[in-house]
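The values are calculated or read from the model by the stated rules, or taken from the named source; none is laboratory data. Keep in mind it's a predicted model, so treat the numbers as computed, not measured. Ideal geometry is used to build each Cβ from the backbone, glycine not excepted, and the neighbour counts take in all protein chains shown. Only protein heavy atoms, including side chains, enter the accessible area calculation; ligands, DNA and RNA are left aside. Shrake-Rupley method; radii C 1.70, N 1.55, O 1.52, S 1.80 Å.
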Amino acid sequence: MDFQVVVLAGGTSKKLLPLVSKEVPKALLPVANRPVLSFVLEQLEFSNLKDLIVVVEGDDAALSVGSWISGAYADRLHVEVATVHEDVGTAGALRSIAHHLTAKDILVVSGDLVSDVPPGVVAAAHRRHDAVVTAMLCSAPVSGPSDLGSLGGKDKTKKQGRYNIIGMDPTKQFLLYIATGAEVEKDTRIQKNILRAVGQMEIRADLMDAHMYAFKRSVLQEVLDEKDTFQSLRQDVLPYLVRSQLKSEVLANAAFQSPAEENGNEKNSSLNNHMTLSRILANSSMPSFHELHASGLSGSGPVRRTHKCCVYIASNSKYCMRLNSIQAFMDINRDVIGEANHLSGYSFSVHNNIIHPSAELGSKTTVGPYCMLGEGSQMGDKCSVKRSVIGRHCRIGSNVKIVNSVVMNHVTIGDGCSIQGSVICSNVQLQERVVLKDCQVGAGFVVSAGCEYKGESLARKEK
């Protein structure tokens, strides 16, 4: 077996309420009227990575995701759907399915990733360097106002600031430092031995961890077993492997110490580490530089164990975003029917939009560029749609304006409604003359005639 792929599909993320539900978990949220999970699965298929474990949080979500995969990919991919408890974290999810992992290398991909970077290039870089981990990084989306408008303060994750602080060697192949999560907001502190040894380290704050990792399975399982408090790949496992790469604790089952460390001569050990990393960087084009270091550089010193932490940096021309917030949901839908429409899988008309042949438009109704109107949907007279996605089998009255919005399936919209910068989930009913700006309306909700809302999250109360 070459590579085994684990897709972490999540469950019903609280950050995405009220868009998600037991019936529509995160993995099935629509992007251009396709489940977001389909984008990852098709990229894996394109890279001929077809042996997959899709990990879903919660029984209900797993049932929904498994049913959809069976219908859509039965003859194309070999998929096993594994259920884990909710909120176990990415490392916790892998720990729960560790007994299913048997290949030499494991490719872990987030199920909310929408990208045109083939996963196979990350797998190839990992094998080329014989790394213990290879992480894919891509350019972080620029924060700030967009033509989607504000989400009324409801989406607290939209102003993300810096994503990660990354330190790399001059060749941009090896990961030497990483700060994520809360660590990003603190002062950046780099280990003195690494800083002295490198001499030159490139520090970047404009890169996003794409949540695509290749791991050496034996190392991953050892870390998950021994570090049972680790819950996150990004915040726990990856920084741990980066910090320990010159004094590896993960490439042998037995504990290892050099004679200098056993005798308490930490100064000499530290100096050796400085020399080591300098030699690694200076000889990074040589195929055997890690072997040279492992044998004590000159061959006469004590044997040292090291491991490689590598990065694959996607080209700036590539598209890469994660659907991990409501704002991201809006942005990705906008992009996939707009500037990144090559990802949609659809053929656009000469008017730069997609109107399903079975859809019906009333008199003087216009559907502008970068719009999508799904199968079986009907629109009345004198409607206007701009930069929006409308799902399947929707019933839309007359004199309706929809701008910069996503309308899911089986939605009924009465005459005279105005919808701007909003998400309308499936089976919602908007009665006549409803005005929504920067709102999210949960599945099955009914908005009474004449109501106006701005920056609100509307959803039925859970029974």
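Couple of notes before you dig in:
Results for (1) open to solvent by 30 Å² or more (accessible area, probe 1.4 Å); (2) modelled with pLDDT of 95 or more, shown as yes or no for each residue.
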| site | (1), (2) |
| --- | --- |
| Met1 | yes, no |
| Gln4 | no, yes |
| Val7 | no, yes |
| Lys15 | yes, no |
| Leu19 | no, yes |
| Glu23 | yes, no |
| Val31 | no, yes |
| Leu37 | no, yes |
| Gln43 | yes, yes |
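- Checklist (1) of a type outside the set (Ser, Thr, Tyr); (2) in a strand (DSSP E or B); (3) without any contact (Cβ under 8 Å) to a residue 60 or more places away in the chain applied to Val108, failing item: (3)
- When restricted to residues that are buried (at least 17 other Cβ atoms within 10 Å of the Cβ) and touching a strand residue (DSSP E or B) at 6+ places or on another chain (Cβ under 8 Å), the stretch 83-95 contains 6.
- Some residue of the stretch 353-366 being within 23 Å of Leu458 (Cβ to Cβ), touching an Asp or Glu at 6+ places or on another chain (Cβ under 9 Å) and buried (at least 19 other Cβ atoms within 10 Å of the Cβ): no
- Only one of Glu375, Glu360 that is closer than 22 Å to Ala32 by Cα and in contact with a His (Cβ under 8 Å, 6 or more places away or on another chain): Glu375
- Filtering the stretch 418-455 to residues that are open to solvent by less than 70 Å² (accessible area, probe 1.4 Å) and either among the acidic types (Asp, Glu) or on the phi > 0 side of the Ramachandran plot (or both) leaves Gly421, Asp438, Gly444, Gly450, Gly455.
- In the stretch 312-323, the residue that is modelled with the lowest pLDDT out of those that are open to solvent by 30 Å² or more (accessible area, probe 1.4 Å) and touching a strand residue (DSSP E or B) at 6+ places or on another chain (Cβ under 8 Å) is Asn316.
- The stretch 386-400 residues that are in contact (Cβ under 8 Å) with a residue 40 or more places away in the chain, paired with ones that are part of a strand (DSSP E or B) (beta carbon under 8 Å, 6 or more apart): Arg387/Val403; Val389/Pro30; Val389/Met372; Val389/Val406; Val389/Val407; Gly391/Pro30; Gly391/Val407
- The number of residues in the stretch 329-345 being of a type in the set (Ser, Thr, Tyr) and assigned to a helix (DSSP H, G or I) comes to 0.
- Any hit, the stretch 379-387, residues being buried (at least 24 other Cβ atoms within 10 Å of the Cβ) and part of a loop (DSSP other than H, G, I, E, B): no
- Subset of the stretch 173-215 [modelled with pLDDT under 70 and within 21 Å of the chain's Cα centre (by Cα)]: Gly181, Ala182, Glu183, Val184
- Among residues of the stretch 346-373 being assigned to a loop (DSSP other than H, G, I, E, B) and either among the acidic types (Asp, Glu) or on the phi > 0 side of the Ramachandran plot (or both), the one that is farthest from the chain's Cα centre (by Cα) is Lys364.
- Screening Asp75 on (1) buried (at least 20 other Cβ atoms within 10 Å of the Cβ); (2) charged (D, E, K, R); (3) at pLDDT below 95 shows it passes everything except condition (1).
- For the stretch 388-404, the condition holds for no residue, the condition being that it is farther than 19 Å from Leu430 by Cβ and in contact with a Lys or Arg (Cβ under 7 Å, 6 or more places away or on another chain).
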